[in-house]
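Undergrad: The following block contains the structure, expressed as structure tokens.
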Amino acid sequence: MGPGLKGVTRRHSEEWLELFLKDPQQTWKSDHRETLELKKRVKKTRVPVTVCRKEHMTAENYRNLMDYLKSLKD
Ligand code: HEM
């Protein structure tokens, strides 16, 4: 349903990934350059479904998720 995540840490800064993982809805609404680029790329305008519930995004889960995304090199 979403774009493949391979190489995602090259497409995005860590700063943006943190915003998106912690609060996708808010990040989708922002006019951050990387959000605008993502919207153009996925050709979609609706607000994203929250995959990760905010209350589950503890500091530890966030770190693990970032490590996982960084491991998806192509
Ligand atoms: C561990 C699980 C997941 C993580 C860490 C994750 C992370 C991300 C990231 C980083 C992006 C931006 C990708 C880019 O710019 O190329 C993205 C986009 C997207 N993801 Fe996921 N994702 C996950 C699971 C899912 C699932 C299960 C779905 C759907 C059922 C989904 C749907 C989408 C969609 C539709 C987008 C495009 C932008 C949007 O509409 O929000 N993702 N995801």
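Undergrad: Hey, could you check region 19-34 for residues that are touching a Phe, Trp or Tyr at 6+ places or on another chain (Cβ under 7 Å) and over 16 Å from A59 (Cα atoms) and say which is farthest from the ligand (Cβ to nearest atom)?
TA: Selected residue: H32.
Undergrad: Moving on. Give the residue that is farthest from M1 (Cα to Cα), with candidates limited to residues of region 26-60 that are surrounded by 13 or more Cβ atoms within 10 Å (Cβ to Cβ) and at pLDDT below 85.
TA: Within region 26-60, the match that is farthest from M1 (Cα to Cα) is C52.
Undergrad: Does at least one position in region 19-35 carry a residue that is hydrophobic (A, V, I, L, M, F, W, C), part of a helix (DSSP H, G or I) and farther than 22 Å from E55 by Cβ?
TA: No, region 19-35 contains no residue that is hydrophobic (A, V, I, L, M, F, W, C), part of a helix (DSSP H, G or I) and farther than 22 Å from E55 by Cβ.
Undergrad: Right, next: Among what's in region 7-18 and is in a loop (DSSP other than H, G, I, E, B) and within 9 Å of the ligand (Cβ to nearest atom), pick the residue that is modelled with the lowest pLDDT.
TA: Applying the filter and picking the extreme gives G7.
The values are calculated or read from the model by the stated rules, or taken from the named source; none is laboratory data. Just so it is clear, the structure is predicted and the values come from calculations on it, not from any experiment. When we count neighbours, we look across all protein chains shown, and the Cβ atoms used for this are built from the backbone with ideal geometry, even at glycine.
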